[in-house]
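The values are calculated or read from the model by the stated rules, or taken from the named source; none is laboratory data. Quick caveat, the model's predicted, so the values are computed rather than measured. Note that each Cβ is placed from the backbone with ideal geometry, even for glycine, and that neighbours are counted across all protein chains shown.
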Amino acid sequence: MDIKLENIDSELMIKNFRIKANKKEIKTPEKASYSTNSISGINEIYRKFSINSLRTTSLDKILKSESYETSVNSRIKSEVRNNLNLFIVDYCDDNIPNQKHLEALSDTQYVYSDVVVTPVFSSFFRNDELLGDNLIDTFIELTNKYIEIVETLNNKDIMGVIPIKAPRNYYDKIFDNYYDKDITSFIIDFDGKSSDTNLPKIRKLFRLLKDHDLLESSILYGLNVSEGKFMKDATEIPARDFISLGFGFDIIGLNHVPPRMPTESWKEIATKRRTYRLFNRNNYGYVKVSEDDIFSKGISGKTNVVKHNNTEQFKEATKIKEFMAQDPTIEPYLSSKSHVTEKTIDKIKKLRNDTFK
């Protein structure tokens, strides 16, 4: 990737990068979109893989069945668009993949992604007792094997996945491993958590970037960032995913992790009248709306709610870029959003001061 820093907000953590990859260009800050709403500079493709699970794409079947592999490739290809495609693979199996599994995973991803992304090993970090003390060593070993496979026939840059759920003691080890391989831009997998509840780890990450002189050349992509939870009788909450742009993330990806609740809670929700959340550009909040309300707004069903929110966030990211081209800081504009509180602004400014000064 050709990464050029054009501007940094004088008060906040928002950076204006120009990124070129595979003859395609985007500017940050950016909100990724997806194949059926391809409006953004980045088209995110996300797929779960396992060795042999009926609920995910099976690597064993790819290895053994030509018709199955053709079907998998056809479905992925249908999601590719003309903008910059970022195909993220999540290996969500509890079992350790072998060399053949990693080769199949790598070859499937490589063809359809303009930038190679190391795998998300989500199940390892959700149940860290599976590997115990070997968790980080196994993660790094599998990641390195994947990189070796990619680099046998490679003319694309690589972005490295850093799991937010990794113990902070191991951030140096994960980061240095990528740096030694000349991988200096990162996908931060929040696994359904929010950025503002992980500020200590984000501070750690920026300290590592600063120590390696990467603050002005490293792209950070926030993946699976939580939108936030509606507590009790709340009808509106801060849009924690979009507000993450203020905490130094250049691109906000999509969230593929549903809220984690007991089975009983899901059953209770199923018996109630369905509600949805709509992103409000005027205050950076999510508003809880009923099914009747969304119909009155010309929106029908969950699919179109997702499309509406994605489109509104993309438009707002575009507006932020326009403000950055005109003013040294967009702090007054962000402060005008009622869900970007003074406390939030103070957190962002402190992070910026600690990082750049």
Notebook entry, point to check: Would a scan of segment 117-138 turn up a residue that is part of a strand (DSSP E or B), modelled with pLDDT of 95 or more and either exposed (fewer than 15 other Cβ atoms within 10 Å of the Cβ) or not charged (D, E, K, R) (or both)?
Noted result: yes
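To keep it simple, each residue is scored yes or no on (1) over 30 Å from residue 274 (Cα atoms); (2) crowded, with 19+ Cβ neighbours inside 10 Å; (3) of a type in the set (Phe, Trp, Tyr).
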| residue | (1), (2), (3) |
| --- | --- |
| 300 | no, no, no |
| 315 | no, no, no |
| 323 | yes, no, yes |
| 333 | yes, no, yes |
| 343 | yes, no, no |
| 346 | yes, no, no |
| 351 | yes, yes, no |
Note to self: Tell me the residue from 305, 340 that is touching a residue at least 12 places away in the same chain (Cβ under 8 Å) and either of a type in the set (S, T, N, Q) or more than 28 Å from residue 218 (Cβ to Cβ) (or both), please.
What the structure shows: 305
Notebook entry, point to check: With (1) closer than 23 Å to residue 243 by Cα; (2) among the β-branched types (Val, Ile, Thr); (3) more than 16 Å from the chain's Cα centre (by Cα) as the list, and residue 188 as the residue in question, which single condition is left unmet?
Noted result: (3)
Notebook entry, point to check: Restricted to segment 7-20, and to residues that are touching a strand residue (DSSP E or B) at 6+ places or on another chain (Cβ under 9 Å) and surrounded by fewer than 18 Cβ atoms within 10 Å (Cβ to Cβ), which residue is farthest from residue 219 (Cα to Cα)?
Noted result: 7
Next item on the list: For residues that are surrounded by 19 or more Cβ atoms within 10 Å (Cβ to Cβ) and in contact (Cβ under 8 Å) with a residue 40 or more places away in the chain, scanning just segment 163-175, find the one that is farthest from residue 195 (Cα to Cα).
Entry: 166
Note to self: Based on this model, can you work out whether residue 31 counts as of a type outside the set (Phe, Trp, Tyr), buried (at least 22 other Cβ atoms within 10 Å of the Cβ) and closer than 16 Å to residue 251 by Cβ?
What the structure shows: yes
Next item on the list: Read through the list (1) over 27 Å from residue 139 (Cβ atoms); (2) touching a residue at least 24 places away in the same chain (Cβ under 8 Å); (3) part of a helix (DSSP H, G or I), then give the number of the only condition that residue 75 fails.
Entry: (2)
Checklist line | Condition check for residue 225: within 30 Å of residue 161 (Cα to Cα), surrounded by 22 or more Cβ atoms within 10 Å (Cβ to Cβ) and either at pLDDT 95 or above or under 19 Å from the mean Cα position of the chain (by Cα) (or both) | finding: yes
Notebook entry, point to check: For segment 219-236, which residues satisfy the criterion of being among the hydrophobic types (A, V, I, L, M, F, W, C) and in contact (Cβ under 8 Å) with a residue 60 or more places away in the chain?
Noted result: 219, 223
Margin query: On the basis of being acidic (Asp, Glu), farther than 27 Å from residue 186 by Cβ, surrounded by 15 or more Cβ atoms within 10 Å (Cβ to Cβ) and out of contact with any Pro (no Cβ under 9 Å at 6 or more places or on another chain), does residue 69 make the cut?
Written below: yes
Check: Is there any pair with a first residue in segment 16-43 that is free of Cβ contacts under 8 Å to residues at least 60 places away in the same chain and a second that is of a type in the set (Phe, Trp, Tyr) whose Cβ atoms are under 7 Å apart and which are 6 or more apart or on different chains, and what are they?
Finding: 43/34
Checklist line | Subset tally (residues that are over 13 Å from residue 205 (Cβ atoms), part of a helix (DSSP H, G or I) and modelled with pLDDT under 95) for segment 158-181 | finding: 1
Notebook entry, point to check: within 18 Å of residue 159 (Cα to Cα), at pLDDT 95 or above and out of contact with any helix residue (DSSP H, G or I) (no Cβ under 6 Å at 6 or more places or on another chain), is that true of residue 75?
Noted result: no
Next item on the list: Output the residue which, of all residues in segment 34-58 that are outside any strand (DSSP E or B) and touching a helix residue (DSSP H, G or I) at 6+ places or on another chain (Cβ under 8 Å), is surrounded by the fewest Cβ atoms within 10 Å (Cβ to Cβ).
Entry: 36
Notebook entry, point to check: List pairs: first in segment 205-218 and more than 11 Å from residue 248 (Cβ to Cβ), second among the polar types (S, T, N, Q) and surrounded by fewer than 15 Cβ atoms within 10 Å (Cβ to Cβ), Cβ under 8 Å, 6+ apart or cross-chain?
Noted result: none
